[in-house]
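Student: Okay, handing you the structure first.
The values are calculated or read from the model by the stated rules, or taken from the named source; none is laboratory data. This one's a predicted model, so the numbers in the text were calculated from it and none came from an experiment. Please note: Cβ atoms are built from the backbone with ideal geometry, for glycine as well, and neighbour counts cover all protein chains shown.
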Amino acid sequence: MPWNKIYQLYQELQRYVGWTEDDARRVAAVAGLVEPHVVGLIDDFYEEIDRHPEARKVITGGAEQVARLKQTLHAWLRDLVAGRYDKDYVSRRWRVGLRHVEIGLSQVYTNAALSRLRRGLVDILDQTWTGEMTDLLAARRSLNMLLDLDLAIIEDAYQTEFSQRQQRSDRLAAIGQVAGGVAHELRNPLNVVKTSIYYLLNTRAPAPEKVKQHLERIDRQIGLADRVISALSDFARLPVPELQPVLLRDCIQEVLELNPLPEEITVTVDLPASLPRVLGDSRQLQIVFSNLIRNARDAMLPQGGSLTISAQPLEGEVAATVADSGAGIAKENLERIMEPLYSTKARGIGLGLAITRSIIDKHGGKLNVTSELGVGSRFTVRLPAAG
């Protein structure tokens, strides 16, 4: 673990709550009052756990485990009032939180447990204090502050481990999704290749034109499979964008010139000359608008329709919209169309919108879509304005 970073967080939290060396000295000064009562405090702590099944269920090792846990808690309390709150202290506190995550103890019980220990420590001070009342109040305030800092570090361990588990879960889900998509995309061409090979191996004296037909069929399917693999490879290797001021008007006009649309589609472009530049990678943004315009074209063919490309400045952003009058997208598909390898097209690989969203995300932008069956779709790209 990056202990330096965690210790820096702890120091920042100390400054935030106003912790000083005087607080450390006040807590260390009460160690002698606390120590004679620690065993009773710990016994009470574990007796209470026995009365709560949700907390008790994580203790699976019987009396031996309880004895070890009591020793650990004793050391934790001794550390608490020792007055030394260095990097080693913080790392031990953080590990306490991590261990609670590992054994499956809900964070709410960790918080409640610390609250019970807090009450027990404050009761000990109240019952054993012989000095001035103002000094007792100051000691209690310092002790409460220290316990709050401990709880913050334990919660950070919980959040860090939860985040890492969530990332692992997301990665596994993504792998499963990609694997399923790859299997689907490759199974069709492989089945075609298999049937053609079966024909060539088992047909006696096939006609030359039939042999040629099946060989060409095999070649086409191999090409399709190769495009699937190449698209996946390009998606995985998509580089970090080199951000520079980009004139969106020029970028989109170049895309339209490189990808001429058929006569059946009427194109309206509304990109004001006064439009602010966006902060982006022009090559990657061309991929974004190429994919959106190509999808709009496919949605309107063969009947044709109208394509409108517009943009307007927002607060610190530029919003560019690609709207078509095509078939539209079913509501149940809207949430999935940007997933890798998910396509509503009969011959689609299902990476265009996934790549588009990935590029926009890396630019710090957003991609939104609205659609209605039989009316058309509207994709809006929001990108940070340059400067």
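Student: Within region 248-359, which helices (runs of 4 or more DSSP H) (wholly inside it) include 3 or more residues that are in contact (Cβ under 8 Å) with a residue 60 or more places away in the chain and farther than 21 Å from residue 372 by Cα?
Tutor: Numbers: elements: 248-258, 282-300, 331-334.
Counting at least 3 such residues, we get 248-258, 282-300.
Student: Does region 100-115 contain any residue that is crowded, with 18+ Cβ neighbours inside 10 Å and under 20 Å from residue 15 (Cα atoms)?
Tutor: no
Student: Failed condition for residue 212, given (1) at pLDDT 90 or above; (2) within 34 Å of the chain's Cα centre (by Cα), with all others met?
Tutor: Among (1) at pLDDT 90 or above; (2) within 34 Å of the chain's Cα centre (by Cα), residue 212 violates only (2).
Student: Report the residue count in region 109-130 for those that are more than 10 Å from residue 55 (Cα to Cα) and modelled with pLDDT under 90.
Tutor: Count: 3.
Student: Out of all the residues in region 87-97, is one or more at pLDDT below 85, surrounded by 11 or more Cβ atoms within 10 Å (Cβ to Cβ) and touching a helix residue (DSSP H, G or I) at 6+ places or on another chain (Cβ under 8 Å)? Let's see the steps before the verdict.
Tutor: Looking only at region 87-97, we keep the residues that are at pLDDT below 85, and these are 96-97.
Those left that are additionally surrounded by 11 or more Cβ atoms within 10 Å (Cβ to Cβ): 96-97.
When the remaining residues are screened for being touching a helix residue (DSSP H, G or I) at 6+ places or on another chain (Cβ under 8 Å), the result is 96-97.
Yes, region 87-97 contains at least one residue that is at pLDDT below 85, surrounded by 11 or more Cβ atoms within 10 Å (Cβ to Cβ) and touching a helix residue (DSSP H, G or I) at 6+ places or on another chain (Cβ under 8 Å).
Student: Give the number of residues within region 1-39 that are β-branched (Val, Ile, Thr) and in contact (Cβ under 8 Å) with a residue 60 or more places away in the chain. It would help to see each step written out before you state the result.
Tutor: Step one: of region 1-39, the residues β-branched (Val, Ile, Thr) are 6, 17, 20, 27, 30, 34, 38-39.
Narrowing the set further to residues that are in contact (Cβ under 8 Å) with a residue 60 or more places away in the chain leaves 6, 17, 27, 30, 34.
The number of residues fulfilling the criteria is 5.
Student: Here's a follow-up. Please go through region 40-74 and pick out each residue that is more than 16 Å from residue 100 (Cβ to Cβ), free of Cβ contacts under 8 Å to residues at least 12 places away in the same chain and not acidic (Asp, Glu).
Tutor: 40, 51, 53, 62, 63, 67, 71
Student: While we're on this one: What about residue 230, is it surrounded by fewer than 18 Cβ atoms within 10 Å (Cβ to Cβ) and either modelled with pLDDT of 85 or more or of a type in the set (Gly, Ala, Ser) (or both)?
Tutor: Numbers: surrounded by fewer than 18 Cβ atoms within 10 Å (Cβ to Cβ): yes; either modelled with pLDDT of 85 or more or of a type in the set (Gly, Ala, Ser) (or both): yes.
The answer is yes for residue 230.
Student: For region 1-103, give me every one of the helices (runs of 4 or more DSSP H) that falls completely inside it and has 2 or more residues that are among the charged types (D, E, K, R) and either in the same structural domain as residue 156 (by TED's automatic domain parsing) or in contact with a Cys (Cβ under 7 Å, 6 or more places away or on another chain) (or both).
Tutor: 3-17, 21-29, 38-50, 53-56, 62-80, 87-102
Student: Oh, and also: Among the listed residues 312, 286, 303, 244, identify the single one that is exposed (fewer than 13 other Cβ atoms within 10 Å of the Cβ) and either among the hydrophobic types (A, V, I, L, M, F, W, C) or closer than 19 Å to residue 365 by Cα (or both). Don't jump to the end; show me each part of the working.
Tutor: Numbers: 312 fails: exposed (fewer than 13 other Cβ atoms within 10 Å of the Cβ); 286 fails: exposed (fewer than 13 other Cβ atoms within 10 Å of the Cβ); 303 fails: either among the hydrophobic types (A, V, I, L, M, F, W, C) or closer than 19 Å to residue 365 by Cα (or both).
The match here is 244.
Student: Within the set of pairs 6+ apart or on separate chains, which have a first residue in region 108-130 that is within 12 Å of residue 147 (Cα to Cα), a second that is of a type in the set (A, V, I, L, M) and at pLDDT 90 or above, and C-beta atoms under 7 Å apart?
Tutor: 111/151; 114/147; 114/151; 118/147; 121/34; 121/143
Student: Do you know which of the residues in region 26-52 that are β-branched (Val, Ile, Thr) and surrounded by 15 or more Cβ atoms within 10 Å (Cβ to Cβ) is nearest to residue 147 (Cα to Cα)?
Tutor: In the first step, residues of region 26-52 are kept if they are β-branched (Val, Ile, Thr); the result is 27, 30, 34, 38-39, 42, 49.
This time we only want the ones that are surrounded by 15 or more Cβ atoms within 10 Å (Cβ to Cβ), so: 27, 30, 34, 38, 42, 49.
Working: 27: 11, 30: 14, 34: 15, 38: 16, 42: 16, 49: 20 Å.
Of everything passing the filter in region 26-52, 27 is nearest to residue 147 (Cα to Cα).
Student: Assess whether residue 191 counts as being surrounded by fewer than 12 Cβ atoms within 10 Å (Cβ to Cβ), polar (S, T, N, Q), modelled with pLDDT of 75 or more and out of contact with any Lys or Arg (no Cβ under 6 Å at 6 or more places or on another chain). Give the derivation first.
Tutor: Values: surrounded by fewer than 12 Cβ atoms within 10 Å (Cβ to Cβ): yes; polar (S, T, N, Q): yes; modelled with pLDDT of 75 or more: yes; out of contact with any Lys or Arg (no Cβ under 6 Å at 6 or more places or on another chain): yes.
Yes; evaluated as a whole, the condition is true for this residue.
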